[in-house]
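Shown next, in structure tokens, is the structure this report addresses.
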Ligand SMILES: CC(C)(COP(=O)(O)OP(=O)(O)OC[C@H]1O[C@@H](n2cnc3c(N)ncnc32)[C@H](O)[C@@H]1OP(=O)(O)O)[C@@H](O)C(=O)NCCC(=O)NCCS
């Protein structure tokens, strides 16, 4: 397996085309697997972890990461975000998603010095993150939207300890769009 980390600004046209093909395979235009996220405004992640089965092959799995200074119970906290997690439907349950997530978590902890990780996911993907050590956040998550600050209730919120014990209760404010 070939795992690389690409900053959004360094993506080549080929990377972009491959990511587009992966997204279309995971979320076909017929809407059969579309999430409910279309109603919200989202932040783009900043770096992509991509997994290829051969060095110059197609991107088989992707995890996006970002870091943001947020608040937990009013105190500053540097949160590492994960988004855009997807594996080619023909290549699932072979460990590619786990590989991409493991590298993404390393980048958040070691390169971006995030204190803990946070992601949101549908119920259908929750078990995948549970297997990777993520916990359910049982408190309140607040985010910005174009019409103001709002409580995020659409998806499950999962958190992972990186550089400090992760809180599973309280109020987290992402101080921006969700990811
Ligand atoms: C979720 C997803 C990324 C998993 O990718 P994958 O490459 O198949 O995952 P892996 O093969 O690395 O799986 C790692 C482990 O999680 C398990 N797993 C995979 N998907 C799972 C799911 N949806 N629910 C529970 N467990 C799951 C695997 O069986 C494997 O278990 P093991 O440790 O016993 O071997 C993939 O199914 C996908 O792209 N889904 C559609 C998009 C999506 O829902 N993304 C998440 C949005 S938040």
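Rule-based calculations on the coordinates, nothing more; no lab input. Keep in mind it's a predicted model, so treat the numbers as computed, not measured. All Cβ positions, glycine included, derive from the backbone under ideal geometry; neighbour counts span all protein chains shown.
Taking the beta-carbon count within 10 Å as an exposure proxy, list 113, 93 from fewest neighbours to most. Show your work: numbers first, answer last.
Values: 113 12, 93 9.
Lowest to highest Cβ neighbour count: 93, 113.
Could you line up 4, 43 from fewest to most neighbouring Cβ atoms inside 10 Å?
Ranking 4, 43 by Cβ neighbours within 10 Å, fewest first, gives 4, 43.
May I ask for the equivalent-ellipsoid semi-axes of the chain, computed as the square root of five times each C-alpha gyration tensor eigenvalue and listed largest first in whole Å? The partial results should precede the final answer.
Working: eigenvalues 137, 66, 48 Å².
Here the semi-axes work out to 26, 18, 16 Å.
Can you compute the helix-only [θ] at 222 nm over the chain? Use -39500 (n - 2.57) per DSSP H run of at least 4 residues, normalise by all residues, nearest 500 deg cm²/dmol. Walk me through the numbers on the way to the answer.
Details: 3 runs with 34 residues, N = 179.
Calculated from helices alone, the mean residue ellipticity at 222 nm is -6000 deg cm²/dmol.
Give me the percent of DSSP beta bridges within the chain that run antiparallel, rounded to the nearest 5. Walk me through the numbers on the way to the answer.
Numbers: 37 of 43 bridges.
If we restrict to bridges inside the chain, about 85 percent are antiparallel.
Pop the C-beta distance of residue 130 and residue 20 into the FRET formula with R0 = 25 Å and round what comes out to the nearest 0.05. Working shown, then result.
Numbers: r = 30 Å, r/R0 = 1.19.
With a Förster radius of 25 Å, E is 0.25.
Apply 1/(1 + (r/R0)^6) to the Cβ-Cβ distance of residue 4 and residue 93, taking R0 = 22 Å, and write down the FRET efficiency to the nearest 0.05.
On the way: r = 22 Å, r/R0 = 1.02.
Computed FRET efficiency for residue 4 and residue 93: 0.50.
What angle, in degrees between 0 and 90 and rounded to the nearest 10, separates the Cα long axis of helix 13-26 from the longest principal axis of the Cα atoms of the chain?
Helix 13-26 sits at roughly 80 degrees to that axis.
Helix 96-106 sits at what angle to the longest principal axis of the chain, using alpha carbons and giving 0 to 90 degrees rounded to 10?
50 degrees
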